[in-house]
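The values are calculated or read from the model by the stated rules, or taken from the named source; none is laboratory data. Given the structure is predicted, the values throughout are model-derived calculations rather than measurements. Backbone-built Cβ (ideal geometry, glycine too); neighbour counts: all protein chains shown. Please note that ligands, DNA and RNA were not included when accessible areas were found on the heavy atoms of the full protein model with its side chains. Shrake-Rupley method; radii C 1.70, N 1.55, O 1.52, S 1.80 Å.
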Amino acid sequence: MERDFGVEEREINTDVLVIGGGVAGLSAALYIARQNLKVTVVALDIGGQLSYASIIENYPGFDPAPGIELVLKIQQQAMSFNAEIIVDEVVSLEKANGFFVARTKKGLVIRSIAVIAACGKAPRKLGLSKEDSFVGKGLSYCVICDAPLYKGKTVALVSFGEKGVENLGLLAPLAREVYYIVPYHSDHSIDYAKKFSNVKVFEGYTVEEINGDKKLEKVVIKRGAEKVELLVDALFVEIGFETRIDFLKQYVDITEKGEIIVDSLGATKTPGLFAAGDIASNTPYKQAIISAASGVIAALSAINYVNMVKGAKRKVTVDWEKKSLKQPKRFRL
Ligand SMILES: Cc1cc2nc3c(=O)[nH]c(=O)nc-3n(C[C@H](O)[C@H](O)[C@H](O)COP(=O)(O)OP(=O)(O)OC[C@H]3O[C@@H](n4cnc5c(N)ncnc54)[C@H](O)[C@@H]3O)c2cc1C
């Protein structure tokens, strides 16, 4: 069931509240719903970062297709087991008397036994008026994901620092020509860029405008009064990520990178509060399959937590027990 509420106060009681409609949150919802527990997903959008991925070629068992198609499939799967999905934003979370109470922008009050924060990350944008219309049409926020699509093409990259070095290392060997736009002067990635004969550095420039007919074709960059027009097949923007987890801060510890610290089972320092996906510290590589798996880890842990609170005997075991018993005769070779 997918609901979109207007501004009104409504109350929902659920076993697990999942915050986030990306691959992590929806994978978690699928597992929880399939265990016959009540799961409510609240998400600002369905898709998260995968909505920016023009094509996904590396999700096992999934034929190459736009990222959003993958997420919509997982959403359908979760809904087929009665997961409730609400498009809204969680703005506050409190824990009192062992239960969580979340409030949303549209006025919902959601009481739950457990919470999974799968709030992900949002790529920092350039802030240009036409930016959103070119996403997936020549504008990418993920070099590692989309660089292979531009083999032999001319691309521009806006980045800096270690991320700039990493992205140049991926793009320069693949692309015909790379225009490297570094907003800062004397950035250390510039020395690295000079090692590649096909990389042209634009030091101290910022992007003023992007243009194109059906897809992105032109990037206008600026330094002081000087403007340069670059004709490109793609523009990569890697200038960091933003997270939206301020409302959780009193219940979680956060790493230097802004990720929620979890143990190997996705648990935070607050009992009943789990985190998953790109926002969780147990996903060292930010890829869809890893976020999905992290969502499932948090889901299984949340299921165990809910069952424990309800006094149910059922438990998902963490791993096979190692038995050192002698093999039964019938298994001997
Ligand atoms: C351009 C691009 C291309 C990519 N290509 C690939 C690829 O080819 N292969 C691959 O494996 N990976 C790829 N990735 C990485 C992959 O998309 C991410 O690792 C993965 O989607 C992370 O999923 P997630 O669910 O953890 O977070 P996200 O996708 O970031 O989802 C977070 C969700 O939480 C919601 N949310 C946040 N705060 C709140 C709140 N307070 N209330 C309600 N909802 C909230 C957001 O709206 C969103 O729905 C790509 C990423 C980008 C940006």
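Worth a mention:
- Charge dipole of the chain (Cα centre as origin; +1 on each Lys and Arg Cβ, -1 on each Asp and Glu Cβ, all else neutral): 1620 debye, rounded to the nearest 20.
- Contact order, relative form, for the range 121-263: 29 percent (alpha carbon pairs under 8 Å, 6 or more residues apart, mean separation divided by residue count).
- Secondary structure note: in the range 131-237, about 40% of the DSSP beta bridges are antiparallel.
- Over the chain, Cα pairs under 8 Å with separation of 6+ residues give a relative contact order of 19 percent.
- Note on the chain: antiparallel DSSP beta bridges, both residues inside, total approximately 40 percent of the bridges counted.
- Solvent-accessible area of residue 80 with every protein chain in place, 1.4 Å probe, in Å² to the nearest 10: 80 Å²
- Here the Karplus curve 6.51 cos²θ - 1.76 cosθ + 1.60, taken at θ = phi - 60°, turns the phi angles of the range 183-198 into couplings of x, 9, 7, 6, 5, 5, 5, 5, 4, 5, 4, 5, 6, 9, 6, 9 Hz, with x standing for Gly and Pro.
- Alpha-carbon centroids, the range 247-265 and the range 5-78: separation in whole Å: 21 Å
- Partner aspartates and glutamates for residue 151 [C-alpha distance under 14 Å; skip if fewer than 8 residues away on the same chain]: 177, 233
- For peptides 234-240, 26-32, sequence by mean Cβ density within 10 Å, most packed first: 26-32, 234-240
- For residue 95, a cut-off of 16 angstrom between C-alpha atoms picks up these lysines, skipping any fewer than 8 places away in its own chain: 249, 269.
- Computed from Cα positions, the angle between helix 161-171 and the longest principal axis of the chain comes to roughly 80 degrees.
- Remark on residue 86: its backbone amide H falls under 5 Å from those of 3, 41, 42, 43, a criterion applied only to residues 5 or more positions apart or on other chains, H modelled at 1.01 Å from N.
- Accessible area expressed per residue, the range 77-188, with surrounding protein chains retained (probe 1.4 Å, Å²): 42 Å²
- FRET efficiency, 1/(1 + (r/R0)^6) with R0 25 Å, evaluated for residue 111 and residue 246 via beta carbons: 0.70
- In units of the rule-of-thumb radius 2.2 N^0.38 Å, the range 205-290 shows an alpha carbon radius of gyration of 1.64.
- Expressed as a fraction of 2.2 N^0.38 Å, the C-alpha radius of gyration for the range 7-67 is 1.36.
- The spread of Cα positions in the chain, taken along each principal axis and listed from longest to shortest, comes to 69, 67, 35 Å.
- Contour excess over end-to-end distance, with Cα ends at residue 63 and residue 239 and 0.36 nm allotted per residue: 60.4 nm
- Rounded to the nearest 10 degrees, the inclination of helix 23-34 to the longest alpha-carbon principal axis of the chain is 20 degrees.
- Accessible surface of the chain [probe 1.4 Å, protein heavy atoms]: carbon and sulfur percent: 52 percent
- Table column - 3J(HN,Hα) (Hz), the range 227-236, Karplus curve with 6.51, -1.76, 1.60, x for Gly and Pro: 10, 10, 9, 10, 8, 9, 8, 7, 10, 9
- Note on residue 231: accessible area approximately 130 square angstrom, rounded to 10, probe 1.4 Å, nucleic acids and ligands left out.
- Pairs beyond 18 Å (Cα-Cα), from 73/130; 215/286; 153/215: 73/130; 215/286
- Three-way shape label, the range 1-112, alpha-carbon gyration tensor, a/c 1.5: prolate
- Shape metrics for the range 131-237, restricted to C-alpha atoms - Rg then Dmax, Å: 12.6, 36
- For the range 32-144, averaging the sequence separation of C-alpha pairs within contact (under 8 Å, six or more residues apart) and dividing by the residue count gives a relative contact order of 25 percent.
- Coil-residue trypsin sites (Lys or Arg not before Pro) of the range 193-271, DSSP, other Cβ within 10 Å capped at 15: 194, 195, 214, 215, 257, 269
- Cysteines not pairable in the chain (beta carbon separation under 4.7 Å absent): 119
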